[in-house]
Amino acid sequence: MPRFVEMDDRTTLRSQMEQESGTVILINAFTVEPEDDEQFLKAWAADAAIMKQQPGFISTQLHRGIGGSRVFVNYAVWESVPDLKRAFNNPEFQTKMKDYPESATASPHLFQRVAVARICVG
């Protein structure tokens, strides 16, 4: 099971999961030792397959740092926080958490798009 490290110690994932907002982006930064890459990728793929079947799931993409980086970043889009919360509490998903390597740390955090004039839309 990965060790969880809050991305923002003032706003925890637990408190974010209590929000009733609409479309939300889950960004989860993982750090994994190189010898555990294969186990991590297998565990992440199994989790993603479960999440893809959950109501409110829109999309996900895994990214890997370059140049020998130990960091992976998952970017997942959900229709709402309640949808994500239900999926996260799914017993099948929770059981799969044990398949992650011991070296893995996870830092999940929820975001919404921000509009910046002439640069990006909200």
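A short reminder: the numbers here are calculations on the coordinates, not readings from a lab. These figures come from a predicted structure and were not determined experimentally. Methodologically, a virtual Cβ is constructed for each residue, glycine included, from the backbone with ideal geometry; neighbour enumeration extends over all protein chains shown.
As I understand it, the value is the acute angle between the Cα axis of helix 37-52 and the longest principal axis of the Cα atoms of the chain; what does it come to in degrees, rounded to 10?
40
For the range 9-122, take the alpha-carbon Rg, divide it by the Kirkwood Rh, and send me Rg/Rh.
0.98
By how many nm would the segment from Asp99 to Asp36 grow when fully extended, if each residue of separation counts as 0.36 nm and the alpha-carbon distance is taken off?
Here the segment from Asp99 to Asp36 would lengthen by 21.6 nm.
What are the ³J(HN,Hα) couplings of the range 84-92, residue after residue, when phi is run through the Karplus curve with 6.51, -1.76, 1.60 and θ = phi - 60°? Round to Hz, x for glycine and proline.
4, 4, 4, 5, 4, 7, 4, x, 5
By how many nm would the segment from Ala48 to Thr12 grow when fully extended, if each residue of separation counts as 0.36 nm and the alpha-carbon distance is taken off?
Numbers: separation 36, 0.36 × 36 = 12.96 nm, distance 2.24 nm.
Full extension from Ala48 to Thr12 adds 10.7 nm.
Which lysines, on any chain, are close to Lys85 with Cα under 22 Å apart, when same-chain ones fewer than 8 places away are left out?
Lys52, Lys96, Lys98
Please check the chain for the longest run free of trypsin sites (Lys or Arg not before Pro) that are loop-located per DSSP (anything but H, G, I, E, B) and have at most 15 other Cβ atoms within 10 Å.
11-112
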